[in-house]
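Engineer: Sharing a structure here in structure tokens format.
The values are calculated or read from the model by the stated rules, or taken from the named source; none is laboratory data. Remember, predicted model here, so these are calculated numbers, not experimental data. Using ideal geometry, Cβ is built from the backbone for each residue, glycine included, and neighbour counts are taken over all protein chains shown. These area figures cover heavy atoms from the full protein model, side chains too; ligands, DNA and RNA do not enter into them. Shrake-Rupley method; radii C 1.70, N 1.55, O 1.52, S 1.80 Å.
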Number of protein chains: 4
Amino acid sequence: MDEIIKKVIDFRDARDWKQFHNAKDLAISLTLEASELLENFQWKDSERAISTNLDNIQDELADVLIYALLLAHDLDIDVEAAILNKLKKNETKYPVDKFKGSSRKYSEAE
Amino acid sequence: MDEIIKKVIDFRDARDWKQFHNAKDLAISLTLEASELLENFQWKDSERAISTNLDNIQDELADVLIYALLLAHDLDIDVEAAILNKLKKNETKYPVDKFKGSSRKYSEAE
Amino acid sequence: MDEIIKKVIDFRDARDWKQFHNAKDLAISLTLEASELLENFQWKDSERAISTNLDNIQDELADVLIYALLLAHDLDIDVEAAILNKLKKNETKYPVDKFKGSSRKYSEAE
Amino acid sequence: MDEIIKKVIDFRDARDWKQFHNAKDLAISLTLEASELLENFQWKDSERAISTNLDNIQDELADVLIYALLLAHDLDIDVEAAILNKLKKNETKYPVDKFKGSSRKYSEAE
């Protein structure tokens, strides 16, 4: 992962673009890219979206990840540690013995 | 990266949750998590948001990444290859000699 | 519509909250509320979402509209005129004789 | 408001597009339009966004409202009643005597 993060940061540094970035606008950009990804599924079920738009889905997913990595880097967040830490919290929240095969997380009212 | 992806998938498989997942709902979830991340910046500038909400920002960013990795896995997208491929497209779109230090990408009307 | 807009603005003015509002954060808030509305449909089809979450859907839709009306008011946008103007543009883009009953808008790749 | 809702519905009915609409995809579309509105504020403060992109902001705000009205119509939600009902809930949550001039709602951690 370190190598890929380095390439994302190098891309920005080669263009001297850090000066235009701030965490709030990076978080906005992440939302916008997530929407562009979702747009591929608008008016379609998953299967149709994948068969029609897979290349674009891949590109938009990459954009989401690029902004996520930029934001993490600027905030000194170690993404691997952050993911592991969140998985541990989720394990406490959804213990295997109570949630295995259960749709509760997926069926309850919000 | 492979190891972290394996842990994300293992978390899901231990609960047998793949049966509830489909690409469209994963893309929706990614958008919702990106919004929860952005919520930390609502009514605040970057500095205030970071000083007040850094722990939550880290958790929400992890959620974004977890859904991105799940979606990529289900669609057989290699995230590292997807990022490198997108960086290459961006290099063609924003060549260093024309965009170094330029705010054009950041100032033009949408 | 004027009366309902007045009530939304009166609610804000009674609390002296205009000082905290700016167009960018209102646009962020609109996105966040739209996500909270969408959350009611996460992991569900339309029918299930409506039968389970209709009250919450109504509240979140109201929040979307409230932020939309606040933003329009602050930018001196006449919402009725804006809607009519946009419908007119859409009529040119999607003429009845070419799009009646056609799923083209809904089936083409993004 | 009734008249404007009628025009929005008439636009759809003239094209026989109701058959392609369902509540979940309308909620997705609302999110996508809210993001397109927000895109006008990306990398910019409110003032710059307004001076550069006001026409587009107006169009995207109209799109948000159009999808909100379509969704409300399909779910038999009376938008004026929904807004008044939500304002009443907000009045209980944020009573004037405790929140007048207070930035608490705007400064607390999420």
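Engineer: If I filter the stretch D:60-96 down to residues being open to solvent by less than 60 Å² (accessible area, probe 1.4 Å) and in a loop (DSSP other than H, G, I, E, B), which single residue comes out as farthest from the other protein chains (Cβ to nearest Cβ)?
Structural biologist: The qualifying residue farthest from the other protein chains (Cβ to nearest Cβ) is D:Pro95.
Engineer: May I pose another question? Determine the pairs where a residue that is aromatic (Phe, Trp, Tyr), located within the stretch A:60-80, has a partner that is open to solvent by less than 20 Å² (accessible area, probe 1.4 Å) and at pLDDT 95 or above with Cβ atoms under 6 Å apart, the partner being 6 or more residues away or on another chain.
Structural biologist: Correct list of pairs: A:Tyr67/A:Leu26; A:Tyr67/A:Ser29; A:Tyr67/A:Leu30.
Engineer: Here is a list: C:Asp45, C:Asp76. Which entry is more than 19 Å from D:Asp63 (Cβ to Cβ), at pLDDT 95 or above and acidic (Asp, Glu)?
Structural biologist: On the way: C:Asp76 fails: more than 19 Å from D:Asp63 (Cβ to Cβ).
Sole residue among the options that is more than 19 Å from D:Asp63 (Cβ to Cβ), at pLDDT 95 or above and acidic (Asp, Glu): C:Asp45.
Engineer: So, in the stretch D:1-38, how many residues would count as being hydroxyl-bearing (Ser, Thr, Tyr) and not in a helix (DSSP H, G or I)? Before you say what the answer is, go through the steps one by one.
Structural biologist: Our first condition is that a residue be hydroxyl-bearing (Ser, Thr, Tyr); within the stretch D:1-38, this holds for D:29, D:31, D:35.
Still in the running and not in a helix (DSSP H, G or I): none.
Residues flagged as hydroxyl-bearing (Ser, Thr, Tyr) and not in a helix (DSSP H, G or I) within the stretch D:1-38 amount to 0.
Engineer: Here's something else I'd like to know. Please state which of the following conditions A:Phe99 fails to meet, knowing it meets all the rest: (1) under 30 Å from D:Leu30 (Cα atoms); (2) aromatic (Phe, Trp, Tyr); (3) at pLDDT below 95.
Structural biologist: (1)
Engineer: Please work out which residue is surrounded by the fewest Cβ atoms within 10 Å (Cβ to Cβ), limiting yourself to the stretch D:16-59 and to residues that are away from chain A (no Cβ under 14 Å) and over 20 Å from C:Glu80 (Cα atoms).
Structural biologist: The residue in question is D:Ser51.
Engineer: Given the condition in a loop (DSSP other than H, G, I, E, B) and either out of contact with any helix residue (DSSP H, G or I) (no Cβ under 8 Å at 6 or more places or on another chain) or of a type in the set (D, E, K, R) (or both), answer yes or no: does some residue in the stretch A:40-47 qualify? Full working, then the answer.
Structural biologist: Keep residues of the stretch A:40-47 that are in a loop (DSSP other than H, G, I, E, B), which gives A:40-45.
Next, only the ones that are either out of contact with any helix residue (DSSP H, G or I) (no Cβ under 8 Å at 6 or more places or on another chain) or of a type in the set (D, E, K, R) (or both) stay: A:44-45.
Yes - at least one qualifying residue is present in the stretch A:40-47.
Engineer: Go through (1) over 30 Å from D:Ala27 (Cα atoms); (2) in a helix (DSSP H, G or I) and name the single condition A:Asn56 misses.
Structural biologist: A:Asn56 satisfies all of (1) over 30 Å from D:Ala27 (Cα atoms); (2) in a helix (DSSP H, G or I) except (1).
Engineer: While we're looking at this one, here's another question. Would you check if C:Ala68 is assigned by TED's automatic domain parsing to the domain that holds C:Ala49, touching a helix residue (DSSP H, G or I) at 6+ places or on another chain (Cβ under 7 Å) and within 21 Å of D:Thr52 (Cβ to Cβ)?
Structural biologist: On the way: assigned by TED's automatic domain parsing to the domain that holds C:Ala49: yes; touching a helix residue (DSSP H, G or I) at 6+ places or on another chain (Cβ under 7 Å): yes; within 21 Å of D:Thr52 (Cβ to Cβ): yes.
Taking the combined requirement at face value, the residue satisfies it.
Engineer: Among the residues of the stretch B:97-108, are any within 20 Å of A:Asn22 (Cα to Cα), more than 7 Å from chain A (Cβ to nearest Cβ), outside any helix (DSSP H, G or I) and not hydroxyl-bearing (Ser, Thr, Tyr)?
Structural biologist: Yes; the residues of the stretch B:97-108 include at least one that is within 20 Å of A:Asn22 (Cα to Cα), more than 7 Å from chain A (Cβ to nearest Cβ), outside any helix (DSSP H, G or I) and not hydroxyl-bearing (Ser, Thr, Tyr).
Engineer: On the basis of being part of a helix (DSSP H, G or I), hydroxyl-bearing (Ser, Thr, Tyr), at pLDDT 95 or above and over 30 Å from A:Ile50 (Cα atoms), does B:Ser51 make the cut?
Structural biologist: Details: part of a helix (DSSP H, G or I): yes; hydroxyl-bearing (Ser, Thr, Tyr): yes; at pLDDT 95 or above: yes; over 30 Å from A:Ile50 (Cα atoms): yes.
Taking the combined requirement at face value, the residue satisfies it.
Engineer: Only residues in the stretch A:84-110 that are closer than 23 Å to B:Gln58 by Cβ count as the first member; pair them with residues that are at pLDDT 95 or above, Cβ under 6 angstrom, at least 6 apart or cross-chain, and list the lot.
Structural biologist: A:Lys86/B:Asp59; A:Lys86/B:Ala62; A:Leu87/B:Phe11
Engineer: Looking at (1) within 11 Å of chain C (Cβ to nearest Cβ); (2) open to solvent by less than 10 Å² (accessible area, probe 1.4 Å); (3) not aliphatic (A, V, I, L, M), which is the only condition B:Arg12 fails?
Structural biologist: (1)
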